[in-house]
Amino acid sequence: ALAFDHHADIEVYIHHDERGAAFSALGMALVTGGAVALVCTSGTALANYFPAVLEAYYAHVPLIVLSADRPHELRGSGANQTMDQLKIFGDHVKSFVDAAPPEALPPAKVTRYLRTLVDRAIGLAIAPPAGPVHLNFPFRKPLAPVPVPDDIPETLKADESFFLNGRPDGLPLTHVQRAIIQPNTAQIDSLTAALQAADRGMIVCGMRCPGGDFPSEVTKLAAVTGLPIFADAFSGVRFSSPEDSSSAALVLGGYETFLASTPSLSPPDLVIHFGAAPLSKNLNHFLSAAHIESRHIIISEHGQWADEFHTVNDVLVANPVDVCRQLSTRLADPQPISPWAAQLQKLESKTWRQIADRKNETFFEGGIVADIMRLAPSNHHIYAASSSVVRHIDQFGTPRTGNLRVYANRGLSGIDGTIASAIGASEGTGESVTLMIGDLAFLHDLNSLSGLLRGHAKLTIILLNNDGGGIFQRLPIREFEPPFKRLFITPHGLSFHAAAQLFGLDYHLVDSAEALDAAYQQAFASDASHLIEIACDSTVQERMRLEINASLDGNTLEGVEEV
């Protein structure tokens, strides 16, 4: 801890509990794309990292876990705060190393080993697919930085500059680099032929698509081919629509609604898939049901499997940005959109009209989330809690311009650590973050609000308080009362004004769209963090969702030409 704190190029963030610290590091690494180090003592401190390490592994987030440990001779001896930490995370880290314990007269090879160990760990953590790496460091007493005879051997003193600073040119001892995996000519030829032959082609941008130039390059590909993009809310594409209206019209986000009520919609004959599986249940079912008629191609730089239905035809392991660029160049002349794509665009427009009408009539969770996605300024960061909120964003978040960055802990979709993750996102970017969260996820991570006291982060928290686990209203278990409410909804009856006071947040309790708009704008104009609480009814939300799904009258496709 002291070594990190004394290093001029390392910024240290302190969290009051290890679980929150780990999720804060996760949020920071997720938004920056860089590896973030976690430092803790032995015992349960390390065990508290486990939920965030699991999330990082499945969401491909680079973390470097550095745990202190008792020396080898005390393991299994009953010594205090001593447990078996070897491979504690099992297969949920990309690598584990039990480092050599310090010794009085280490050979030069050992000091080089320590530096290359760190270089390799960082290189592995950020390599596709990114993920956590665990380095375990056993220490013997004395641990405090007090003078001890021969504590720093003469041989190490002579080599101290190299040991501490690396090579004279400032590079690490071992610089790990990876080249971009480019498709070959035959692979581009095959994709080009598939695109040219398709009558009902579509592009799917699932969760965790690449950042950088990918959103612009994939929308260019859509414009050239005339293929609609089914853009997941967490793909980085839906809320980065191009300014050009014809290209923007190809970015679809209403499919969770219109696919629920359009059983006669013809299946695609070609699916080009980037990123992980989509969040939308209805889109996933639509794709799986079409597997006989369609060719489904996944394009991924890391090649990890992303097909729970096991219907994919081809997996191309190549850089998605480069694939899009080469295909756009090859298919240089823009093609008109197909009648099938035009039908989808009409369904999309009708969906958003229906949602807007319902939103104007009733103040419900989906409409609240839609308003925040509309009101958020360009280039803003939004962090969403798993469970209901991410589903609301995916169903009710209208495609827009402005490069709105939206994040969630969807590797394992747990609700724990969400506040800490949002704080880490704000600290990592140095910018304010809007956190949309339900009451159970808020209650679960309430103590992480203490991270705002450090003064490095600013959050505007939109708290949808429906007094329990509203997500379970979607499941058949809702019919089994009275245990449903007691065991699954788990109502608590709390309001969170006192929590805002405890942790120094400005507080707003709103009950209308107009009050939400005013409070959100006030929060942006302030330097302080804000908690905006909205009392919701999950039964109303579920009724509105089902009514909106049914309102499209999709069995007859009224007003929409059938194809």
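The values are calculated or read from the model by the stated rules, or taken from the named source; none is laboratory data. Being a predicted model, the structure only gives us computed values, none of them experimental. Ideal geometry is used to build each Cβ from the backbone, glycine not excepted, and the neighbour counts take in all protein chains shown. All accessible areas refer to the heavy atoms of the entire protein, side chains included, with ligands and DNA or RNA removed. Shrake-Rupley method; radii C 1.70, N 1.55, O 1.52, S 1.80 Å.
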For T82, only one of the following conditions fails: (1) open to solvent by 60 Å² or more (accessible area, probe 1.4 Å); (2) in a loop (DSSP other than H, G, I, E, B); (3) in contact (Cβ under 8 Å) with a residue 24 or more places away in the chain. What is its number? (1)
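Condition first: assigned to a helix (DSSP H, G or I) and either at negative phi or surrounded by 14 or more Cβ atoms within 10 Å (Cβ to Cβ) (or both). Now tell me which residues in region 85-110 satisfy that. Before the answer, list the steps.
Going through region 85-110, the residues assigned to a helix (DSSP H, G or I) turn out to be 90-92, 108-110.
Residues satisfying the conditions are D91, H92, A108, K109, V110.
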Which pairs turn up if I take residues in region 195-224 that are open to solvent by 20 Å² or more (accessible area, probe 1.4 Å) and look for partners that are aromatic (F, W, Y) and part of a helix (DSSP H, G or I) with beta carbon separation below 9 Å, at least 6 apart in sequence or on another chain? D199/W340; R200/W340
All positions within region 319-357 that are in contact with a strand residue (DSSP E or B) (Cβ under 8 Å, 6 or more places away or on another chain) and more than 23 Å from Y255 (Cα to Cα): P320, V323
Please work out which residue is nearest to Q304 (Cα to Cα), limiting yourself to region 88-105 and to residues that are out of contact with any helix residue (DSSP H, G or I) (no Cβ under 8 Å at 6 or more places or on another chain) and touching a residue at least 40 places away in the same chain (Cβ under 8 Å). F96
V406 fails exactly one of (1) of a type outside the set (D, E, K, R); (2) closer than 25 Å to V61 by Cβ; (3) open to solvent by 10 Å² or more (accessible area, probe 1.4 Å); (4) assigned to a helix (DSSP H, G or I), namely (4)
Looking across region 58-74 at residues that are farther than 24 Å from A3 by Cα and in contact (Cβ under 8 Å) with a residue 40 or more places away in the chain, the single one that is most open to solvent (accessible area, probe 1.4 Å) is Y58
Determine the pairs where a residue that is farther than 22 Å from H381 by Cα, located within region 447-473, has a partner that is assigned to a loop (DSSP other than H, G, I, E, B) and not β-branched (V, I, T) with Cβ atoms under 6 Å apart, the partner being 6 or more residues away or on another chain. N466/C536; D467/P491; G468/P491; I471/S387
Consider region 256-275. How many of its residues are part of a loop (DSSP other than H, G, I, E, B), modelled with pLDDT under 95 and open to solvent by less than 20 Å² (accessible area, probe 1.4 Å)? 2
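A quick yes/no check of all residues on (1) at pLDDT below 90; (2) part of a loop (DSSP other than H, G, I, E, B); (3) closer than 20 Å to L66 by Cα; (4) of a type in the set (V, I, T):
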| site | (1), (2), (3), (4) |
| --- | --- |
| R112 | yes, no, yes, no |
| R115 | yes, no, yes, no |
| P128 | no, yes, no, no |
| L135 | no, no, yes, no |
| A144 | yes, yes, yes, no |
| V148 | yes, yes, no, yes |
| L173 | yes, yes, yes, no |
| P183 | no, yes, no, no |
Against the condition in contact with a strand residue (DSSP E or B) (Cβ under 7 Å, 6 or more places away or on another chain), in contact (Cβ under 8 Å) with a residue 40 or more places away in the chain and crowded, with 24+ Cβ neighbours inside 10 Å, how does A420 come out, does it pass? no
Restrict the check to region 479-493 and report whether at least one residue is closer than 18 Å to H392 by Cβ and polar (S, T, N, Q). no
Check region 231-244 and report whether any residue there is without any contact (Cβ under 8 Å) to a residue 40 or more places away in the chain, closer than 22 Å to P210 by Cα and part of a strand (DSSP E or B). no
Output the residues belonging to region 92-110 that are of a type outside the set (G, A, S), modelled with pLDDT under 90 and farther than 16 Å from A68 by Cβ. E103, L105, P106, P107, K109, V110
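Within region 386-403, restricting attention to residues that are under 14 Å from the mean Cα position of the chain (by Cα) and more than 13 Å from A370 (Cβ to Cβ), which residue is surrounded by the fewest Cβ atoms within 10 Å (Cβ to Cβ)? Before the answer, list the steps.
Here is the first cut: in region 386-403, the ones under 14 Å from the mean Cα position of the chain (by Cα) are 386-387, 389-391, 393-394.
Filter once more, so that each one left must be more than 13 Å from A370 (Cβ to Cβ): 386-387, 390.
Details: S386: 23, S387: 21, V390: 24.
Among those residues, the one meeting the criterion is S387.
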Please specify each residue of region 26-54 satisfying the condition of being part of a helix (DSSP H, G or I), open to solvent by less than 10 Å² (accessible area, probe 1.4 Å) and within 23 Å of S386 (Cβ to Cβ). L26, G27, A29, A52, V53
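Looking at S190, is it open to solvent by 30 Å² or more (accessible area, probe 1.4 Å), among the hydroxyl-bearing types (S, T, Y), more than 29 Å from G131 (Cα to Cα) and not in a loop (DSSP other than H, G, I, E, B)?
Numbers: open to solvent by 30 Å² or more (accessible area, probe 1.4 Å): yes; among the hydroxyl-bearing types (S, T, Y): yes; more than 29 Å from G131 (Cα to Cα): yes; not in a loop (DSSP other than H, G, I, E, B): yes.
Yes; evaluated as a whole, the condition is true for this residue.
Identify the residue in region 358-385 that is touching a strand residue (DSSP E or B) at 6+ places or on another chain (Cβ under 7 Å) and either surrounded by fewer than 18 Cβ atoms within 10 Å (Cβ to Cβ) or small (G, A, S) (or both) and, among all such residues, is farthest from S280 (Cα to Cα). Steps first, answer last, please.
Taking region 358-385 as the starting set, the residues that turn out to be touching a strand residue (DSSP E or B) at 6+ places or on another chain (Cβ under 7 Å) are 365, 368-369, 372, 376, 380-385.
This time we only want the ones that are either surrounded by fewer than 18 Cβ atoms within 10 Å (Cβ to Cβ) or small (G, A, S) (or both), so: 376, 384-385.
On the way: A376: 23, A384: 15, A385: 16 Å.
Top of the filtered list is A376.
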